[in-house]
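The values are calculated or read from the model by the stated rules, or taken from the named source; none is laboratory data. All of these numbers come straight from a predicted model, not from anything done at the bench. Methodologically, a virtual Cβ is constructed for each residue, glycine included, from the backbone with ideal geometry; neighbour enumeration extends over all protein chains shown.
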Amino acid sequence: MNKYGIALLTILILSLNPVFAEDDFFDNYTGIDRAWDNQKPITNDEFEKAIDTLTAKQKQKDEKARKKKIKKISGGGTSLHKNLEPTSELQEQDILKKKKEYEGQLLNIPVNVVIDGNVLDKGFYNVYGEKDKENNITLSLYQAHKLIGKFKAYETKNDYEADELDFVKILPYDDNYIKVIYGSLDFNAYGYLRYLPETFPQP
C-alpha cells in the first residue's frame, strides 16, 4: 500500500470516530431528566451532624498545629514547677484574688481606736473587707491571724484616686473620728473609727 493509501485510510478512521463518540455521549445522558428521582432528601439534623464532623476535624487540626508551635517554642521540655507546663492553661485570676483576700491589706493605725467599747492599740493591722448577701459591708482588723475587731463600712463608687485597685488608707475626719477607706476588685468602701485624741501623734 502506498503512502497516499495509508493517509487516506487514517483520515477515514479519524473522521468516523467522533460520530461514534457523539452517539455514545448522547446515549449515556438520555435519562438525565430523571437523575434526581431516587435522591434521598437530607434532614437538618443530618446536615448539622455533617457540619459538626467537619468542624471537629478542623479543631483537631488546629490543636495539633498549636501543640506543634508550643513544642517548637519550648523545645518540648517540661517545667520544674507544677502547673507551669507549656501546654497547661493559665489558671483563673480568682485564685490570685483569693490569695490577696486571705492575706488582707496592711494598714498602719497611728492612734488608739475604739471598736465596740474595746481600745485597740496603735499599730499595724491586716484589713479584710466582706460583703454579705444583703450588701452589708464589714471591715475586719486582724493581727497575726487573730481577729481584733470589726466595724461597719459603706459602699462607694469613689476610688479616692488610688493608684491600685486594692488599697486601704486612713484619712483625717474630725477631732474624734478617723475615716478608713478601702478598695478591692469587688467594691470600694469607707468607714469611721473613733480614736482617743490624746494618742494622736504630736508634731
Determine, yes or no, whether Asp166 is exposed (fewer than 11 other Cβ atoms within 10 Å of the Cβ) and more than 16 Å from Gly123 (Cα to Cα). no
Surrounded by 17 or more Cβ atoms within 10 Å (Cβ to Cβ), over 27 Å from the mean Cα position of the chain (by Cα), assigned by TED's automatic domain parsing to the domain that holds Gly117 and closer than 26 Å to Gly117 by Cβ: does that describe Leu141? yes
Counting residues that are over 18 Å from Asn108 (Cα atoms), which strands (runs of 3 or more DSSP E) fully inside the stretch 119-203 reach at least 3? 146-156
If I ask for residues that are in contact (Cβ under 8 Å) with a residue 12 or more places away in the chain and either among the charged types (D, E, K, R) or surrounded by 15 or more Cβ atoms within 10 Å (Cβ to Cβ) (or both), which ones from the stretch 144-161 would you list? Ile148, Gly149, Lys150, Phe151, Lys152, Ala153, Glu155, Thr156, Lys157, Asp159
